[in-house]
Every structure is written in C-alpha cells, then in structure tokens.
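See below for the structure under consideration.
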Amino acid sequence: MSHSHRRKVVITGIGVVSPNGIGRDAYTAALREGRSGISTLDGLDTDGLRSSAAGQVHDFDPTSDMHASELRRVPRMVPMALRASREAIVQAGLDDWINSASNVIDHQRQVGVSLGTGGGGLAFVEEQYRLHFTQHTASLYSIVAGTHGNLSSELSIALGLRGPSHVLSTGCTSSTDALGYAAMLIRNGTVPLMLAGGADAPISRCILIAFEKMRVISTRRWDNPAQSSRPFAADRDGFVLAEGAWMFVLEDADHAAARGARPLAELAGYGSTCDAYHRVQIAPEVIEPVRAIEIALADAGAAKDEIGYVNLHGTGTELNDRLETAALRKCFGPLADSIPMSSTKSMIGHPQGACGAAGVAATVLGMQEHFVHPTINLDTPDPTCDLDYVPHSSRPRRVDLALCNCIAFGSKNSALVLRRA
C-alpha cells in the first residue's frame, strides 16, 4: 500500500515510570536537566556482588495501582506497567471514549495491548525458587506470573481491554518491536487503538550475577553511582541494570481526529532485522543494523537527510557503543556528523526489554518541548565513538523527524521513525 493511502498511526498518550522520574512531566524535566536516576543498589542481598549501582524506581508505591493481595501474585513490572498505562490512557482520553459508548464492551473490543518485556517474570521466578529451597513452598501463581505471555493479560484484565493482548520478548528490542507490531495491527485494520510499550523489573541477585559473568555490566565503584552509566566514554565498563515502564496509546489518526484526541507524534516507520551471527555480539560488519534503519526510513517514506535526531541504544558496553557508532556512520555517511544523537541510558541505566520504549518516550517528549536530551558522564569520549552525542547538557532543537535505534542479544536490530505531529 502506498504511503498516501495507508492508515497513519499516531501517539495520543504517554505514561512513564522511570528511575529518574515517575510521570511524563517528571521524566521530561529530568531529561532536560540531564538528571540521573541511578543510585546505590539496595533492596536485595548484595553480598559477593561486584556491581553496586542500579536504575531503581524509588518512591513508587505499587499498592496505589494494585491491592496488596494481588501484588504477591505478579512480578514487580506489572504495577509499574499499570501506572504508566493509566497515565497514557488519561492523556489520550481513552477512558472517556470507552465509557461514552452505548455498549461499553464494543469500545473495549477496539483496544488491544502489545507489551514488550525482556526479563518479564524472571525475578519473580527467582524468588519462588528461593522459597522452594529455603521454606519448601512456592506461590500458586508461579506459572502464570513467571510466563511472559500472561503479562499483557494483567493489563487487559485490570483495564478492561478486550482486543488482542500480546507479549513480545525479543531481548532489548522487545518494546521497540511491541510498538512496531502494534502499529502494524492498526495499519491493517485489526483494531483502531493499541496500548503498547515496555516494562521490565529485572534487578535481582541471580540476574546481576549472570551479567557479571558475561562481563557486560558495570562493576567499577564510583564515588557517585550516578556516574556509573557512561555510554561512549573511554572509561566505560558496561551497562547499569535498571527497571521501569514506558507505555503509549497508539491510534489510527482518523479515529483520533474523530474523537477529538490530540496527536503527540506519528509513529511513521518500523524496521527489524537479524544478523544471524552470535548469541550476544553484534556482527562487526554492521550490515543488518544499517538495514533495519533503512527499512524503518523506507516504511516512513523518509529520506536520511530529514532525520533531525537519533536516540541511540547506547548501553555503555565497549562493543555495543563502538559498533552502533559504526552502523550510524555507515548508514548516514557524511550526514552523521551533523545529526545530534544521545543515549537515554546514561541517565536511567538499562531497563532491558523496556529500553526502546524509554527512548521513544524521551524522543517524543523532547520533540514536544523542542529539546534533545544529553548523554551525561561523557567526559572523555572513546576515540572510536566520534559522533555528536550531545554531551553533558540538553540542547534546544526543533526536531521534525527522529530515529530511535535498538539492538538486542541474539543479533536482533530494530528501529522506529517518529514524525512530529
């Protein structure tokens, strides 16, 4: 279908639960100020752990979103996803639209859920094994809470949404893929509305130990833990594990106009590829990350010289940062030097499968407020990382077209193109 005749997909609501701000206004302010949400790791047994910092969401009271008895039956990411979802739904006016129907069920059936998560219920399952081996017991809900596929149902049930309810778990690209998948469902007419985004809460002892063994997580002890996430810096030593939820209401643009909803941005293009190379490493030729970006641009009907900002995956690992830089240079050629690019993870850490959604939220909110957020802690750039990463401070800028890039274990690459509404 030509770009002029296919359904346009717009974002009409955003909700945020982030280490550096709960709620989209707090998140926007933190991004503009370059404020980190990374702090000293707490809340679990750290004996023997080398990693000491994490992007934890403090001051989050899950009982405001779920009853205490229900919280024992779900992973921590579920109440976070509910909080972000409700904020997005309120901004989009979706509750009002659903309840305005003469038959509410008819409108509930027109809203689906597409949730991206990497760790999902792994931390919950880890706790059940601890209970099994120490107290010879486990939760009745070990299976339904620990199985990724059931997690979107928690949102559908709590919010009364009767459309498709799906989970995409593709590693770090999970929420990017969940947004791309949701857009495809809207474009092909399956439903006019999707609640989509990402949530993860993977901060647990065994997960941290496993990442330490992989040598991809930061173990250097800084005087200030906020300094520990250092994408593209010469002295980086790995990512900082994080948690959070970033959710969106995606909608057919004509449907949004008919009900008087204000678009925040257009989700214009999506592309995804696989290197088919290695379980955890990016292929050094960076052919497939480039192709994912080019597919997303083609899907958006956009030219490379239209891109005014790139939100980078930017984990802070030596290999990822260097090869992502190489991919952007290979894709954009000489244009790459003139495009500001930054890593949201420098301020929030790496929330695994939710990271793509975190970057999309940062990008749309920046487009709304006319700024691009910084990459903090970039004191001395790695010589092989030589793009404009907007170091230290945010930058005033009107962006009409942006690219959000994401890379995952398993050789996966995904990208989204966002157009100013």
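The values are calculated or read from the model by the stated rules, or taken from the named source; none is laboratory data. Just so it is clear, the structure is predicted and the values come from calculations on it, not from any experiment. Here the Cβ is made from the backbone with ideal geometry for all residues, glycine too, and neighbour counts use every protein chain on show.
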Problem set entry | Condition check for Leu378: assigned to a helix (DSSP H, G or I) and either in the same structural domain as Ala201 (by TED's automatic domain parsing) or hydrophobic (A, V, I, L, M, F, W, C) (or both) | no
Seminar exercise, completed: Scanning the stretch 240-272 for residues that are of a type in the set (Asp, Glu) and farther than 30 Å from Arg230 by Cβ, the one surrounded by the most Cβ atoms within 10 Å (Cβ to Cβ) turns out to be Glu251
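Is it the case that His136 is out of contact with any strand residue (DSSP E or B) (no Cβ under 7 Å at 6 or more places or on another chain) and over 28 Å from Ser175 (Cα atoms)?
On the way: out of contact with any strand residue (DSSP E or B) (no Cβ under 7 Å at 6 or more places or on another chain): yes; over 28 Å from Ser175 (Cα atoms): yes.
Taking the combined requirement at face value, the residue satisfies it.
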For this session: Could you run through the stretch 158-173 and say how many residues are more than 14 Å from Ala415 (Cβ to Cβ) and either assigned to a helix (DSSP H, G or I) or touching a strand residue (DSSP E or B) at 6+ places or on another chain (Cβ under 7 Å) (or both)?
Result: 10
For this session: Tell me, yes or no, whether the stretch 28-39 has at least one residue that is among the acidic types (Asp, Glu) and exposed (fewer than 14 other Cβ atoms within 10 Å of the Cβ).
Result: no
For this session: Output yes when any residue across the stretch 239-252 is part of a loop (DSSP other than H, G, I, E, B) and over 29 Å from Arg83 (Cα atoms), and no when none is.
Result: no
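Condition (residue is surrounded by fewer than 18 Cβ atoms within 10 Å (Cβ to Cβ), out of contact with any strand residue (DSSP E or B) (no Cβ under 9 Å at 6 or more places or on another chain), charged (D, E, K, R) and at pLDDT 95 or above) applied to the stretch 66-79: is it met by at least one residue? Talk me through it step by step, then tell me what you get.
Start the filter on the stretch 66-79 by keeping residues that are surrounded by fewer than 18 Cβ atoms within 10 Å (Cβ to Cβ), which leaves 67-73.
Next, from what is left, pick out any that are out of contact with any strand residue (DSSP E or B) (no Cβ under 9 Å at 6 or more places or on another chain): 67-73.
Next cut, charged (D, E, K, R) only: 70, 72-73.
Narrowing further to those that are at pLDDT 95 or above: none.
Within the stretch 66-79 (the criterion being surrounded by fewer than 18 Cβ atoms within 10 Å (Cβ to Cβ), out of contact with any strand residue (DSSP E or B) (no Cβ under 9 Å at 6 or more places or on another chain), charged (D, E, K, R) and at pLDDT 95 or above), the answer is no, since none of the residues qualifies.
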Exercise. Taking Phe124 and the conditions (1) touching a Pro at 6+ places or on another chain (Cβ under 8 Å); (2) closer than 30 Å to Leu403 by Cα, which numbered condition does it fall short on, given that it satisfies the others?
Worked result: (2)
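For the stretch 52-154, which helices (runs of 4 or more DSSP H) that fit wholly inside it have 1 or more residues that are under 26 Å from Ile209 (Cβ atoms)? Spell out how you get there, then give the answer.
Numbers: elements: 68-71, 77-92, 94-99, 104-108, 122-135, 142-146.
Result: 68-71, 77-92, 122-135, 142-146.
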Problem set entry | Residue among Ala196, Ala101, Ala201 that is among the small types (Gly, Ala, Ser), free of Cβ contacts under 8 Å to residues at least 24 places away in the same chain and either in contact with a helix residue (DSSP H, G or I) (Cβ under 9 Å, 6 or more places away or on another chain) or over 23 Å from Phe60 (Cβ atoms) (or both) | Ala101
Problem set entry | The listed residue being assigned by TED's automatic domain parsing to the domain that holds Ser218 and within 20 Å of Gly119 (Cα to Cα), out of Asp25, Asp61, Asp65, Asp45 | Asp45
